[in-house]
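To keep things clear, I will list the structure first and then write my remarks on it.
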Amino acid sequence: MRGFTLLEVLVALAVIAIGLAAAIRVGATNGANAIHLRDKTFAQYVAANKATELLLQADWPAVGTQRGHAALGPVEWSWATRVSETFDARVRRVDVEVGRDGESPLATLSAFLPQPAPPVAN
C-alpha cells in the first residue's frame, strides 16, 4: 500500500489554501457591497423625501442652496438642495444631494417643481 508523498500533500494544501482565500475574499466583498447598496438606498430615500417636502410646501422654494440633516436607518444623513430657475418662469429645478458628512454624495436627485397654485377662497 502506497501513501501520499510530501510533495503531493503540499500541493494539495496549497490548492486548498488558494481556494479558501478566494472564498473569504468573495464573502468580504459581498458584505461590503451589501452595506454600500443599503446606504445608497437610504440616501435615495432621503433625497426623494426632501424633493417631496419641497413639492408639498405652500411656498415656492427660494433660488439658492440649503443644507440640513435627516435621520434614516442607522445613519444621520447630510443633504443639500440647490434650487435654480428654468426657462419657464412657472417651474424651478431642484437638485438634491445626500451623503454622509465629509464624504461625496451617495445619491443625487433632480426634480422640477411647478409654481404653487394660489389658495382658493371659500
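How many residues are at pLDDT 85 or above and among the small types (Gly, Ala, Ser) if we restrict to the range 1-14?
Residues in the range 1-14 being at pLDDT 85 or above and among the small types (Gly, Ala, Ser): 2 in total.
(1) within 25 Å of Asp59 (Cα to Cα); (2) surrounded by 11 or more Cβ atoms within 10 Å (Cβ to Cβ): which one isn't true of Pro119, the others all being true?
(2)
To keep it simple, each residue is scored yes or no on (1) aromatic (Phe, Trp, Tyr); (2) within 16 Å of the chain's Cα centre (by Cα).
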{"site": "Val63", "(1), (2)": "no, no"}
{"site": "Ala71", "(1), (2)": "no, yes"}
{"site": "Trp77", "(1), (2)": "yes, yes"}
{"site": "Val83", "(1), (2)": "no, no"}
{"site": "Asp88", "(1), (2)": "no, no"}
{"site": "Gly99", "(1), (2)": "no, yes"}
{"site": "Glu103", "(1), (2)": "no, yes"}
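Of Ala17, Ala22, Ala32, Ala51, which residue is in a helix (DSSP H, G or I), at pLDDT 90 or above and not basic (Lys, Arg)?
None of the other options fit; the residue is Ala51.
Has the range 69-80 got any residue that is modelled with pLDDT of 90 or more, of a type in the set (Gly, Ala, Ser) and loosely packed, with under 11 Cβ neighbours inside 10 Å?
yes
Return the residue satisfying two criteria in turn: it lies in the range 54-94 and is among the aromatic types (Phe, Trp, Tyr) and part of a strand (DSSP E or B), and of such residues it is nearest to Phe112 (Cα to Cα).
Only one residue fits best here, namely Trp79.
Search the range 95-116 for residues being surrounded by 12 or more Cβ atoms within 10 Å (Cβ to Cβ) and acidic (Asp, Glu), and hand back the single one that is nearest to Ala80 (Cα to Cα).
The selected residue is Glu97.
The values are calculated or read from the model by the stated rules, or taken from the named source; none is laboratory data. From a predicted model like this one, the values you see are computed outputs, not experimental measurements. Positions of Cβ are backbone-derived with ideal geometry, glycine not excepted, and every protein chain shown enters the neighbour counts.
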